[in-house]
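Reading through the structure tokens given below for one structure.
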Amino acid sequence: MPTESYRNILSHLQKENRLRSIPLPDPDAFKRLDLVSNDYLGLAQEADKYKAEFFRRFPDADFSSSASRLLSRKNDYHLQLEMLLEKLYRRPALLFNSGYHANVGIIQALAIPGTLFIADKLVHASAIDGLRLCGADYKRFAHNDLKKLSKLIKQNYEEYNRIIVVVESIYSMDGDIAPLKKLVELKKKYPKLLIYVDEAHAFGVRGDRGLGLCEELGIINKVDFIIGTLGKAAASAGAFVISSQLMKDYLLNCARSFIFSTAISPAQAAWSILMIEKIVGMSARRLHLKRLSSTFVKLLSDKANIESPSESQIVPVIIGDAGEALLFSRYLKEQGFDALAIRRPTVAAGSERIRFSLNALLEKDDIARLVSVIANYR
Ligand SMILES: Cc1ncc(COP(=O)(O)O)c(C=O)c1O
């Protein structure tokens, strides 16, 4: 049978507790606290509140753009969304259909001869796929280890015309942050360096107006490519890259995921405009989320003897075994908390974990209750 080998792979995944399935709608889900989704500001949970305003302001927004951005005539809201982003970042912005499209397409476009990518060991699968699928020259450096990165740059500097360092600002599985200020400093010593920062988990959450960690650190102008995604804190879908006019022109000509894919719908782009306008004014929520996150990390240490690497709203508790992580996740569900067991290949073998994803609608009491449930496990 030509498909037998695929069945064997599924059986193997099942044996290793790594088989995935799509969860069915659960009518009781509302009774539990959602610590799974990336709705960091709670905007998606409150979407109904904004629908009347959306339909009033954008009554003509279609549900299909019917073609790629380069061909579609229904481009108006996409352009308005890019203009809004350009006003906020004061740099050119280009939309992509998702963060996955952005990372795969941008990396593919940048991977011309003479380019070396050096990526943090923990960058997201979409960046790894970008590097692998286009056959780019790339190396990886130990997570957040600037010494190892500098060594790799030094060793390869003469051989390449440009070296592109790929990092995330907040890491999606560990919730820790990249040493971005020191990274951009490296450009002084190594002028052939370009810095690529994926802010998927920081857009909406960090910075005065929620533009991300680069805004918080005052380095928006020093980073060559800032990727933001709109499906997480922005409660929408899609992604964007902030770069120079030259790179915007280049990417819209050469990033295949931009050229050869139907654009997000005008309605989606319009909804993103509304959500970003809300995000800009949500400093109080950002502060609340920051405080909740540090309280959670501290209580985990004080009351449950668990040290988490987190420096953000993403707080992992490392379990170290896929089966155990699943059992722990089931226990949490029985206790009224939805939190996901993360297994291979999303994280390395031996670092299987529960990933707690906090949001700004949670209260301090929720966190205290969660910690006591965790501390009472077994
Ligand atoms: C760091 C990072 N980059 C990119 C993506 C992909 O973004 P999207 O879900 O918009 O495809 C994700 C998604 O989880 C992510 O965590």
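Taken together, the values in this text are just the output of simple stated rules run on the coordinates, not laboratory data. It should be emphasised that the depicted structure is a prediction, and the values quoted were computed from it without experimental measurement. Positions of Cβ are backbone-derived with ideal geometry, glycine not excepted, and every protein chain shown enters the neighbour counts.
Report, please, the projected area of the chain averaged over directions, based on the convex hull of its C-alpha atoms, in nm².
20.8
Please identify the GluC sites (Glu not before Pro) of the range 1-71 that satisfy two criteria: DSSP loop assignment and at most 16 other Cβ atoms within 10 Å. Which are they?
16, 46
Between residue 73 and residue 52, what length in nm is gained on full extension when 0.36 nm per residue of separation is reduced by their alpha carbon distance?
Residue separation times 0.36 nm, minus the Cα-Cα distance, leaves 4.9 nm.
Using Cα positions and a limit of under 22 Å, work out the lysines in reach of residue 147, with same-chain residues fewer than 8 apart set aside.
121, 139, 181, 182, 187, 188, 189, 192, 222
Rank 12, 288, 124 by mean-square fluctuation in a GNM of the chain with C-alpha springs under 10 angstrom and give only the top-ranked residue.
Highest fluctuation of the listed residues: 12.
With helices defined as uninterrupted DSSP H runs, which ones in the chain have an alpha carbon span along their own long axis of at least 27 Å and mean Kyte-Doolittle hydropathy of at least -0.5?
Sorted by number, the helices that extend far enough and score high enough are 283-304.
For the chain, modelled as a GNM with alpha-carbon contacts under 10 angstrom, which of 178, 348, 360 fluctuates the most?
Of the options given, 348 has the highest mean-square fluctuation.
What are the principal axis extents of the Cα atoms in the range 76-229, in Å, biggest first?
Largest to smallest, the principal-axis extents are 44, 29, 29 Å.
Which residue, 158, 82, 324, tops the fluctuation ranking in a GNM of the chain built on C-alpha contacts under 10 Å?
Highest fluctuation of the listed residues: 158.
What chymotrypsin sites (Phe, Trp or Tyr not before Pro) in the range 42-109 are in a loop by DSSP, with at most 10 other Cβ atoms within 10 Å of the Cβ?
Within the range 42-109, the qualifying chymotrypsin sites (Phe, Trp or Tyr not before Pro) (loop, at most 10 other Cβ atoms within 10 Å) are 63.
Round to a whole angstrom and tell me the spacing of the C-alpha centers of the range 306-366 and the range 259-280.
About 30 Å separates the Cα centre of the range 306-366 from the one of the range 259-280.
Please report, in debye to the nearest 20, how large the charge dipole of the range 205-335 is about its Cα centre when each Lys and Arg carries +1 at its beta carbon and each Asp and Glu carries -1 there.
340
Tell me which of 141, 95, 65 sits at the most positive position along the dipole axis of the chain, charges placed on C-beta atoms (Lys, Arg +1; Asp, Glu -1).
Value: 141.
Of 107, 264, 156, which is farthest towards the positive pole of the chain's charge dipole, taken about the Cα centre with +1 and -1 on the beta-carbons of Lys, Arg and Asp, Glu respectively?
With unit charges placed on the Cβ atoms, the residue in question is 156.
How would you order 159-166, 253-260 from highest to lowest mean count of nearby Cβ atoms within 10 Å?
Highest to lowest by the protection proxy: 159-166, 253-260.
Mean residue ellipticity at 222 nm from the helices of the chain, using -39,500 (n - 2.57) per DSSP H segment of n ≥ 4 over the full residue count, to the nearest 500 deg cm²/dmol?
The per-residue figure over the chain is -13000 deg cm²/dmol.
Treating the beta-carbon of each Lys and Arg as +1 and of each Asp and Glu as -1, no other charges, what is the dipole magnitude of the chain about its Cα centre, to the nearest 20 debye?
680
Taking the Cα centre of the range 138-180 as the origin, how large is its charge dipole in debye, to the nearest 20, when only Lys and Arg (+1) and Asp and Glu (-1) carry charge on their Cβ atoms?
220
HN-Hα J couplings of the range 64-74 from phi, Karplus 6.51/-1.76/1.60, θ = phi - 60°, integer Hz, Gly and Pro as x?
My calculation for the range 64-74 gives 9, 8, 6, 6, 4, 3, 6, 10, 6, 8, 8 Hz in order.
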